[in-house]
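Asks: First, the structure itself, so that you have it in front of you.
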Amino acid sequence: MTAHTTESLAHAANNRAVSGMRPTGALHIGHYFGVLKNWVAMQETMQTYFFVADWHALTSEYENPARIKEFIPEMVKDWLVAGLDPERSVIFRQSDVKEHAELHLLLSMLTPVSWLERCPTYKEMQQQLAEKDLSTYGFLGYPVLMTTDIIMYRPRWVPVGQDQVPHVEMTREIARRFNHLYGHFFPEPEAHLTPSAKCPGLDGRKMSKSYNNTIQLREGMDTLAPKIKGMLTDTARVRRADPGEPKNCNLYPYHELLTEKDVCAEIQSGCRSAALGCVDCKKILLERLGLFLAPMQERRAHLDENPAYVREVLEAGRERAQAEAQKTLHHAREMMGL
Ligand code: TRP
């Protein structure tokens, strides 16, 4: 067998996925349908590594690092209640595996600054977060750090949202450059997008904490009910007897995510014929949301009773991740002749 076939066989067998999330506050159902649901599904069939990207959070929050620390256990809890299983997935904190810092340094040597300056998220984030000074070396190097996090585990897949695709593209380029300079070692991983789940915010814009239009995973019925009640439906439907159009309704996309297919069909026709009013439609949704969130609240109550558990999960994850990271670094150093 030629080296080439051996290598492609190895690649075909590589069923590993790596992804991370910045700890920036409580997760909401937009995170769930956009990313977490995908993570939970992947752990069934793949070897999965999920980490808290706390060093990434520092790139924009370096003036207020203490807050990052508070968010870490809360985010891990959100992951666990959403269905991540620490037996199946390696769940860890980026800064616990210092090997990321060394590989980042090595990769920074071979990454052209022009690639980083051209990264579409670079200028975009600087403009969006104009109140912060993001003209730093660390922020410019964000994609190198992300590349490190990924190729450290030599995965095939990177499950992320659409906004992260340019970073995965950069990961492939940096991996290719390493391979070109020192010999083939890193696979070129691919973005693995969540199958087109659309979860807009309560007001129809992108769901985001900064728009104050979210439904958090930890949300109880007491705060949920008024949020749903206050949502805009088809604004052309002024009176109860007026027919409506689900396509023009902020509520309807949630039915698509949470309500059974046949009921969705009834809702559509009921709305268009005015047989179903918005108040009743909201009742149906509130019930489905309750059913969707209840098991998460139950799991969270358990976790809250066992504060040591999250720490143990992260410690066990660190051990597994670090074993892998040390192997990668050993090889990378060797290939570079260090
Ligand atoms: N950049 C990602 C985000 O902002 C977080 C992240 C850091 C990441 N390192 C990663 C995602 C590695 C996937 C793989 O959401």
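Asks: For the stretch 107-127, how many residues meet the condition of being touching a residue at least 60 places away in the same chain (Cβ under 8 Å) and surrounded by fewer than 18 Cβ atoms within 10 Å (Cβ to Cβ)?
Replies: Within the stretch 107-127, the first condition is being touching a residue at least 60 places away in the same chain (Cβ under 8 Å), and the residues that meet it are 107, 110-111, 125.
Pick out the ones that are also surrounded by fewer than 18 Cβ atoms within 10 Å (Cβ to Cβ) and you get 110, 125.
Here the count works out to 2.
Asks: Follow-up. What about THR214, is it in a loop (DSSP other than H, G, I, E, B), in contact with a Ser or Thr (Cβ under 9 Å, 6 or more places away or on another chain) and among the β-branched types (Val, Ile, Thr)?
Replies: On the way: in a loop (DSSP other than H, G, I, E, B): yes; in contact with a Ser or Thr (Cβ under 9 Å, 6 or more places away or on another chain): yes; among the β-branched types (Val, Ile, Thr): yes.
Criteria met by THR214.
Asks: Something else: Among the numbered conditions (1) of a type in the set (Val, Ile, Thr); (2) under 21 Å from the mean Cα position of the chain (by Cα); (3) modelled with pLDDT of 95 or more, tell me where THR121 comes up short.
Replies: Exception for THR121: condition (3).
Asks: Take the residues in the stretch 41-71 that are away from the ligand (no atom under 14 Å from the Cβ) and of a type in the set (A, V, I, L, M, F, W, C), then tell me which one is modelled with the lowest pLDDT.
Replies: Taking the stretch 41-71 first, the residues away from the ligand (no atom under 14 Å from the Cβ) are 41, 43-47, 62-67, 69-70.
Of the ones still in play, those that are also of a type in the set (A, V, I, L, M, F, W, C) are 41, 46, 66.
Details: ALA41: 95, MET46: 96, ALA66: 91.
Only one residue fits best here, namely ALA66.
Asks: Something else now. Here is a check on your reading of the model: is GLU173 surrounded by 14 or more Cβ atoms within 10 Å (Cβ to Cβ), within 13 Å of the ligand (Cβ to nearest atom) and at pLDDT 95 or above? It would help to see each step written out before you state the result.
Replies: Working: surrounded by 14 or more Cβ atoms within 10 Å (Cβ to Cβ): yes; within 13 Å of the ligand (Cβ to nearest atom): no; at pLDDT 95 or above: yes.
Answer is no for this residue.
Asks: Can you find a residue that is farther than 30 Å from GLU245 by Cα, out of contact with any strand residue (DSSP E or B) (no Cβ under 7 Å at 6 or more places or on another chain), in the same structural domain as PHE50 (by TED's automatic domain parsing) and not charged (D, E, K, R) anywhere in the stretch 311-322?
Replies: The first filter runs over the stretch 311-322 and keeps only residues farther than 30 Å from GLU245 by Cα, leaving 311-322.
Restricting the remaining residues to those that are out of contact with any strand residue (DSSP E or B) (no Cβ under 7 Å at 6 or more places or on another chain) gives 311-312, 315-316, 319, 322.
Narrowing the set further to residues that are in the same structural domain as PHE50 (by TED's automatic domain parsing) leaves 311-312, 315-316, 319, 322.
Within this subset, residues satisfying the condition of being not charged (D, E, K, R) are 316, 322.
Yes, that holds for at least one residue.
Asks: Could you pull out every one of the helices (runs of 4 or more DSSP H) wholly within the stretch 225-324 that has 1 or more residues that are among the small types (Gly, Ala, Ser)? Write out each step before concluding.
Replies: Details: elements: 252-258, 261-273, 278-305.
Result: 261-273, 278-305.
The values are calculated or read from the model by the stated rules, or taken from the named source; none is laboratory data. On a predicted model such as this, the values are computed, not experimentally measured, just so you know. All Cβ positions, even for glycine, are placed from backbone atoms using ideal geometry, and neighbour counts span all protein chains on display.
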